[in-house]
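The values are calculated or read from the model by the stated rules, or taken from the named source; none is laboratory data. A quick note: this is a predicted structure, and the numbers were derived from the prediction, not measured. In this analysis, Cβ positions are derived from the backbone assuming ideal geometry, glycine residues included, and neighbour counts consider all displayed protein chains. Protein only, heavy atoms only, side chains kept; ligands, DNA and RNA dropped before computing areas. Shrake-Rupley method; radii C 1.70, N 1.55, O 1.52, S 1.80 Å.
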Amino acid sequence: MFARLALCSRLPSRIRQTNVGPVSIREFSQAKFLLPRSHGKSFAHRSELKQAKRIVVKLGSAVVTRGDECGLALGRLASIVEQVAVLQNQGREMMIVTSGAVAFGKQRLRHEILLSQSVRQALHSGQNQLKDISVPVLEARACAAAGQSGLMALYEAMFTQYSICTAQILVTNLDFHDEQKRRNLNSTLHELLRMNIVPIINTNDAVVPPPVPNSDLQGVISIKDNDSLAARLAVEMKADLLIALSDVQGLYDSPPGTDDAKLIDIFYPGDQQSITYGTKSRVGIGGMEAKVKAALWALQGGTSVVIANGTDPKVTGHVITDIVEGKKVGTFFSEVKPAGPTVEQQTEMARHAGRALASLLPEQRGEIICCLAELLIEKKDEILSANRKDMELATGRLSQPLINRLSLSTAKLNSLAIGLRQLAVSSGNSVGRVLRRTRVANNLELEQITVPIGVLLVIFESRPDCLPQVSALAIASGNALLLKGGKEASNTNRILHQLTQEALSIHGVADAIQLVSTREEVEDLCKLDKMIDLIIPRGSSELVRDIQRAAKSIPVLGHSEGVCHVYVDSEATMDKAIDVVRDSKCDYPAACNAMETLLIHRDLLRTPLFDQIIDMLRTEEVKIHAGPRFASYLTFSPSEVKSLRTEYGNLECCIEVVDSMQDAVDHIHKYGSSHTDVIVTENEETAEQFLQQVDSACVFWNSSSRFADGYRFGLGAEVGISTARIHARGPVGLEGLLTTKWVLRGEGHTVADFSEQGSMKYLHESI
């Protein structure tokens with residue numbers, strides 16, 4: 001018989017197994033049953049891995065064993081079992097190829113030997129004091145024989161917690177060479193999967209002979225280790241995905257830990273020549289070269305492969321589920337090379353061209369911006385045609401606020417062009433401007449000058465007009481730029497980016513601005529901390545919050561919400577109050593600087609001014625939600641607001657009553673988002689107190705909240721409005737995209753020259 005088969009007696013049905021207790025893996029908490037896909041071609045892109053039905057998880061020796069190589073890493077193994085159980089209970093068919101029998105047996109045999117020797121020594125000496133006991137070198141096959149049963153019992157106990165049954169199968173190379181044994185193995189595995197059982201497969205190390213070099217059959221991989229076993233098994237069983245977990249992040253272009261070693265995101269057949277392999281892991285007999293060979297063989301057989309780290313405590317708890325979600329984890333093996341550059345290559349191209357952009361004269365950068373402004377007008381028909389395609393596709397799929405943001409018009413393009421020309425004129429010598437010059441000592445001068453930040457990543461939803469604005473600011477500030485727009489605006493973004501690169505090409509820096517059009521997830525882009533220097537999200541509060549959570553190592557500039565207030569004071573005039581409230585809410589309700597909450601002084605209730613404001617809002621078809629205090633004054637009130645922190649983004653607003661200006665300030669601080677807040681009053685003292693006390697990026701007196709905009713501030717354009725309290729706040733224009741560096745010019749000066757015994761003294765004089 002080709003293998004020893006051990007089945008547990010319980011065979012829970014698929015329905016029963018889906019009703020397990022709560023599991024901590026994020027999106028996999030709800031069951032999603034998958035239909036089998038036709039096998040033959042591997043997945044071309046990571047995003048397609050979500051469709052994987054049959055999955056083989058290979059656990060390398062370094063993943064399963066402890067650092068001392070005696071015993072198993074139980075916490076790590078439990079986490080892996082949890083993820084496999086979750087996927088199994090989603091309707092997938094999971095198989096595990098595991099190492100660990102030798103390590104488990106070594107621990108057990110060491111214990112038995114030590115116990116036996118100590119007993120014999122005690123009997124022989126008749127004393128309780130024992131001499132040092134040495135443990136002989138243990139033969140691997142004996143360790144495997146002693147460890148197999150314990151390893152399987154451990155897996156069974158762990159999977160039982162999720163109401164999942166397991167079965168053990170031990171194989172050798174000969175089991176694959178004999179056609180009858182191969183058929184038996186295939187039949188057994190299919191039957192186990194049909195019964196919703198997770199097979200646990202391992203090489204039978206108790207009897208297997210040492211691997212013979214170059215013993216592969218023609219076109220068939222030989223079973224030398226668990227890497228080749230997993231690959232052979234995956235192809236035999238027509239698995240959709242093979243996940244090989246090891247003790248490294250994935251495949252590197254040179255041995256990990258060496259200078260300039262880079263993790264390879266996607267590996268293609270034929271790329272082997274670009275790889276330099278290092279030594280294998282501390283345990284196991286495979287090594288990375290064996291893994292790559294096995295992965296390519298499986299890929300050729302129609303199974304997708306990902307090699308990833310199963311030992312890193314930061315990712316072990318979700319590495320398998322992240323891979324199946326299509327996230328950028330480890331190295332993905334693909335037979336389909338993308339038509340264009342990868343996002344990493346785009347970033348390198350942008351950084352290189354960005355340095356050339358920064359070295360241009362200010363007049364040359366201004367010429368590029370003016371050229372872009374001209375192209376927006378000259379090519380407006382092509383732009384609007386592309387925008388109409390996006391609008392047609394979005395109708396019925398997107399909310400009205402998003403559709404409003406998606407829409408372009410001749411007026412918007414004209415306004416964009418004006419803003420860009422204004423920026424080209426005003427940017428001047430922004431890059432390289434001297435902020436401070438100090439004479440540190442004689443012939444030793446220090447300067448602080450403005451320089452570009454580096455590579456910016458701007459992620460934006462719906463608003464294609466954001467692309468030329470942000471591009472112009474990046475050009476003016478000498479920054480490289482990666483743009484990731486929403487797919488809802490893909491046609492418009494494409495033509496706008498082409499025009500941007502056309503403008504950049506007049507001075508040979510077309511690559512400085514790149515449009516990311518690959519299937520990169522936003523979360524994956526936020527992990528490029530060695531390539532990207534600043535992320536600027538422009539979109540919904542949900543998008544901004546998601547990016548702030550994902551970008552743990554890259555600064556994020558932006559605001560998560562635009563909950564803007566207009567406070568109408570008891571000393572406000574009717575005309576100003578009505579005009580400011582109408583414009584703040586109705587001019588462009590989808591904008592982040594639109595009014596969302598109207599605060600009314602208590603003394604204005606049931607006055608003509610209050611009635612006129614309500615009539616105006618009704619005329620403008622604004623839906624009113626009553627705050628708790630406002631509702632208490634009314635017999636028949638509008639629907640009571642669900643939250644005083646709501647950003648409606650359309651013709652809706654909340655009305656609340658406050659007792660005083662100070663009460664309004666307290667309300668804004670409690671429920672606002674530090675974006676833009678307005679007071680309408682004729683009392684200058686009250687207005688000044690409001691302007692000083694409200695801690696928001698923009699605070700206005702008797703003027704619409706809609707003025708919170710880079711163009712209206714005279715900045716020419718903006719990358720967004722920041723509610724942060726460091727670096728940049730409010731509408732972020734050119735200045736917000738610059739940082740500084742210090743330049744020191746001397747003549748062989750040393751710090752020793754300024755010591756007590758030195759000949760020089762610090763001057764620190766401003767020049």
Just wondering, is there one or more residues in the range 403-412 that are surrounded by 14 or more Cβ atoms within 10 Å (Cβ to Cβ), in a helix (DSSP H, G or I), in contact with a Leu (Cβ under 8 Å, 6 or more places away or on another chain) and in contact (Cβ under 8 Å) with a residue 24 or more places away in the chain? yes
Which pairs turn up if I take residues in the range 626-646 that are under 26 Å from G562 (Cβ atoms) and among the acidic types (D, E) and look for partners that are open to solvent by 60 Å² or more (accessible area, probe 1.4 Å) and outside any loop (DSSP other than H, G, I, E, B) with beta carbon separation below 9 Å, at least 6 apart in sequence or on another chain? E640/P628
Name, by its number, the condition in (1) in contact with a Cys (Cβ under 9 Å, 6 or more places away or on another chain); (2) open to solvent by 70 Å² or more (accessible area, probe 1.4 Å); (3) of a type in the set (D, E) that does not hold for E735. (1)
Starting from the range 228-250, take each residue that is assigned by the TED database to the domain that holds L296 and assigned to a helix (DSSP H, G or I) and list its partners that are open to solvent by less than 10 Å² (accessible area, probe 1.4 Å) and aromatic (F, W, Y), counting only C-beta distances under 7 angstrom and pairs at least six apart or across chains. R232/F176
For residues in the range 294-332 being of a type in the set (D, E, K, R) and in a loop (DSSP other than H, G, I, E, B), which is surrounded by the fewest Cβ atoms within 10 Å (Cβ to Cβ)? K314
Go through the residues of the range 442-455 one by one and say whether even a single one is in a helix (DSSP H, G or I), open to solvent by 60 Å² or more (accessible area, probe 1.4 Å) and not small (G, A, S). no
Evaluate the following for E542: is it in contact with a His (Cβ under 9 Å, 6 or more places away or on another chain) and open to solvent by 10 Å² or more (accessible area, probe 1.4 Å)? no
Let me spell it out: the conditions are (1) crowded, with 18+ Cβ neighbours inside 10 Å; (2) more than 17 Å from D611 (Cβ to Cβ), and S553 meets all of them except one. Which number is the exception? (1)
Being open to solvent by 40 Å² or more (accessible area, probe 1.4 Å), of a type in the set (K, R) and more than 29 Å from S385 (Cα to Cα) is true for just one of K487, K527. Which residue is that? K527
Which of the residues belonging to the range 651-663 are open to solvent by less than 50 Å² (accessible area, probe 1.4 Å) and either in a strand (DSSP E or B) or not acidic (D, E) (or both)? E652, C653, C654, I655, E656, V657, V658, S660, M661
Take L185 and tell me if it is touching a Leu at 6+ places or on another chain (Cβ under 8 Å) and crowded, with 17+ Cβ neighbours inside 10 Å. no
Evaluate the following for C592: is it touching a strand residue (DSSP E or B) at 6+ places or on another chain (Cβ under 7 Å) and open to solvent by less than 20 Å² (accessible area, probe 1.4 Å)? no
Has the range 75-91 got at least one residue that is open to solvent by 10 Å² or more (accessible area, probe 1.4 Å), over 17 Å from P199 (Cα atoms) and without any contact (Cβ under 8 Å) to a residue 24 or more places away in the chain? yes
All but one of (1) under 25 Å from L408 (Cβ atoms); (2) touching a Gly at 6+ places or on another chain (Cβ under 8 Å) hold for S584; state the number of the condition that does not hold. (2)
From the residues in the range 141-162 that are among the polar types (S, T, N, Q) and open to solvent by 40 Å² or more (accessible area, probe 1.4 Å), which one is nearest to the chain's Cα centre (by Cα)? Q161
Suppose we filter R355, R433, R388, R351 for residues that are buried (at least 16 other Cβ atoms within 10 Å of the Cβ) and in the same structural domain as L483 (by the TED database); which single one remains? R351
What is the number of the single condition among (1) farther than 22 Å from A577 by Cα; (2) part of a loop (DSSP other than H, G, I, E, B); (3) in contact (Cβ under 8 Å) with a residue 60 or more places away in the chain that I721 does not meet? (2)
Restricting attention to the range 580-601, does a residue exist that is of a type in the set (A, V, I, L, M) and either assigned to a helix (DSSP H, G or I) or over 27 Å from P638 (Cα atoms) (or both)? yes
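Residues checked against (1) small (G, A, S); (2) in a strand (DSSP E or B):
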residue	(1), (2)
E682	no, no
A687	yes, no
Y711	no, no
G714	yes, no
A728	yes, no
K741	no, yes
E747	no, no
2 or more residues at pLDDT below 80, more than 30 Å from V86 (Cα to Cα) and outside the structural domain of D225 (by the TED database): qualifying helices (runs of 4 or more DSSP H) within the range 101-194: 101-125
Members of the range 705-714 found to be touching a strand residue (DSSP E or B) at 6+ places or on another chain (Cβ under 7 Å) and surrounded by fewer than 23 Cβ atoms within 10 Å (Cβ to Cβ), listed by number: F707, D709, F713
Exactly one of I506, I532 is open to solvent by 10 Å² or more (accessible area, probe 1.4 Å), among the β-branched types (V, I, T) and assigned by the TED database to the domain that holds L375, and that residue is I506
Can you tell me which condition I513 does not meet? The list is (1) open to solvent by 10 Å² or more (accessible area, probe 1.4 Å); (2) modelled with pLDDT of 90 or more, and all the others hold. (1)
